[in-house]
Amino acid sequence: MTDGGNGNGNGNVVGEALGKLSPLFKGIGSPAVDVEVPADQAEPVDEAEVNGRVYHDEHFNHGVHYADEGTAPAPVGRKVTFNAALSKNMDSERMTATTKPVQLGAPMPKWPANHQSAAFEAVSIKHSYILSPPEIFAECAHHGEEKYNYPWYKLWVLTIIAGCYVGFGYTTCLLVGGMLDQAPGVGSPEEENYGLYKLIFGAVGFPFGFTTIIVCGADLFTSLCAYMTAAWWEGKVRWHAVLYMLAVSWTGNFIGCAIMVGLMTAGEVYRHKTTTLFNVTYGKLEYGWGAVFVKGIFANWLVGIATWMANAAQDLTGKAVGIWLPISAFAMLGFEHSIANMFLFLMAWAMGANITAKQFIWDNLIPATLGNFFGGGVCLGTVYAFAYGRTPKLMGAWIDQKLKRS
């Protein structure tokens, strides 16, 4: 009897608890609610009251080619669908606000509660964790314009911290993969396994550093090559803005690398661990100017792909995977990344490597920098501008105009 009484008591408690929680589940499984918004009622979003992800017109194209519509922000009215029916437990004012037309180019509305909700889906419309290729290009072009509008002090802070993150990444490569007995010059010749050494060398350090730059927020010169070129092709910035951003980011990255070299020297991080550091540094001086330039193209082509894929993914896991694949490939293959080489040569120099300023700057840094710009600016930014941007349409209109005049 006692057990039965306790059972009934427990059942009542559970029933009461479920009764209190039941409002939270109201609306789940109910039919979706469609809300039609007339286009003539479109209102721009108040930028002072919004925050979060930025949506542009290409996010609303529903399969229409990016170049088929203008890129200038314009009010639109859209039919949106909620994934859950409206209920008493949903803030009707907030839900109604999400059905208002969104000013293209403006950030999406912010809700005090969890914005990853039916309201969020109503605004984003796109039910996916990855952007399509045209959307990736538009996102990168927008980032270029956005970064150019940063206050000067913010840009300098973000470029310097990016150089610091590169230092963390390269040090991880050198002191993990570079300390293996299979690394050249570390163990006995019988133990040397160059393939295994390069696998470990590239699998952790550089992907860690670049993931930190993308997720935590920092501005790397090589990424800006792709961002700013895309923004320039889309008419969002002028050519002098591109040069300004690249010059500031390159200089800020150099300062960040130098800071990390100073700190790691003071902390004796590389004490008695310079074998791989010196081997990698001297190895980069074995190539001529042209070879370094081409390897610089390959390096930032892969880094640009990582930038593209990181912008495509909408969650941390997707960004990490998208970054890891091309970045680890670039590191394993030994291509020339100008910012990574800044840290490498400065660190080797600080630890007593026999290298000169001419070898560092003229033989490696300059050709690597130019190659990086070509890889990110041409192979990524320009190629996708012609594939998904406004450029082909504008060029076609210009050619038609010239033909008509002739």
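No value in this document is a laboratory result; all are computed from the given coordinates. All of these numbers come straight from a predicted model, not from anything done at the bench. FYI the Cβ positions are ideal-geometry reconstructions off the backbone, even for glycines, and counts take in every protein chain you see.
Okay, here's what the table says:
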quantity	calculated
Among I297, H272, C173 the positive-end extreme of the charge dipole of segment 136-394 (Cβ point charges)	I297
Interchain or long-range residues, amide H under 5 Å from E336's placed H	G296, A299
In Hz, Karplus ³J(HN,Hα) per residue of segment 135-141 (6.51, -1.76, 1.60; θ = phi - 60°; x = Gly, Pro)	5, 4, 4, 5, 5, 5, 4
Ranked L370, L365, criterion: other C-beta atoms within 10 Å, fewest first	L370, L365
Neighbourhood net charge (15 Å Cβ-Cβ; Lys/Arg +1, Asp/Glu -1) for A226	-3
Residues C140, C225, C173, sorted so that the one with the fewest Cβ neighbours within 10 Å comes first	C173, C140, C225
For segment 139-179: rounded, prolate or oblate by the Cα gyration tensor [a/c cutoff 1.5]	oblate
For segment 136-394, size of Cβ-based charge dipole, Lys and Arg +1, Asp and Glu -1, in debye	620
Residues E286, E146, E139 arranged by fewest to most Cβ contacts within 10 Å	E286, E146, E139
